[in-house]
1. With springs only between Cα atoms under 10 Å apart, run a GNM on the chain and tell me which of G160, G124, G13 wobbles the most.
2. Computed from the mean reciprocal separation of all distinct C-alpha pairs, what Kirkwood hydrodynamic radius does the chain have, in Å?
3. Using the alpha carbon gyration tensor of region 77-174, what are the three equivalent-ellipsoid semi-axes (square root of 5 times each eigenvalue), largest first, in whole Å?
4. May I ask you to rank I142, I113 by accessible area, largest first, using a 1.4 Å probe over the protein chains only?
5. Between the DSSP loop rule and a limit of at most 14 other Cβ atoms within 10 Å, which GluC sites (Glu not before Pro) in region 1-101 are left?
6. Summing Lys, Arg as +1 and Asp, Glu as -1, what charge do residues with Cβ under 9 Å from the Cβ of W32 carry, W32 excluded?
7. Quick test of the membrane-span-like rule: which DSSP H helices of the chain reach at least 18 Å along their long axis (C-alpha atoms) with mean Kyte hydropathy at least 0.0?
8. Mind listing which trypsin sites (Lys or Arg not before Pro) in region 104-146 are in a DSSP loop and have 13 or fewer other Cβ atoms within 10 Å?
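The values are calculated or read from the model by the stated rules, or taken from the named source; none is laboratory data. Bear in mind that the values here come from a model prediction, so they are computed numbers and not experimental data. When we count neighbours, we look across all protein chains shown, and the Cβ atoms used for this are built from the backbone with ideal geometry, even at glycine. When the accessible area is computed, the model is the full protein with side chains, heavy atoms only, and any ligands, DNA or RNA have been set aside. Shrake-Rupley method; radii C 1.70, N 1.55, O 1.52, S 1.80 Å.
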Amino acid sequence: SLRFYKMYADIDGWKPKDSNAKPDSSNILDEWILSRLNQTIAETTKQADSYKLALAINPIFELLDDMSNWFIRRSRRRFWKAEDDNDKEQAYATLWFVLTRTAQLLAPWAPFISDYVWRELTAGLDVPKSVHLTDWPKASEINSKVLEDMASVREAINEGLALRAAAGIKVRQPLA
């Protein structure tokens, strides 16, 4: 996810405007991944505060999977657009925000990789030089409706993929 972000952000010369502001986006995928991030922050904080450290890391793994296998895959074309439009800006801002907050969440369990990710994402910005010098992220509003709707969509897609697999029809083969 970091490589994908860096590749396209470097090509476009994109930098975050405000390193502390939550991105404001009208795209449903952005709303979903931000709600997933807040859900992860809340669950990880709850488990860590209860000293259930083994359970605290699981929501982060699930978020990373959702970010790379669902959000980025479904948003690729937003990053490929030749013109610098608002949707592309929102995609960059959202992905940067989620990656930096994920690095903060990972810091206690994966100190070296999280610090590397943080430094890559924040180079040249007026932020702490290490993820370990930042405050623990706080969860904001979780849009339960968006989370439920996306879960339904993903379930329908998985069922469709299972039917294709059972029939021996490849994913890229168009249906009648």
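1. Taking springs between Cα atoms under 10 Å, the residue moving most is G160.
2. 17.5
3. Rounded to whole Å, the semi-axes are 34, 19, 16.
4. Of I142, I113, the descending order of accessible area is I113, I142.
5. Hits after loop and neighbour filter: E83.
6. Surrounding charge for W32 is -3.
7. The answer, listed by residue number, is 144-167.
8. Counting only loop positions with at most 13 other Cβ atoms within 10 Å, the trypsin sites (Lys or Arg not before Pro) in region 104-146 are K129, K138.
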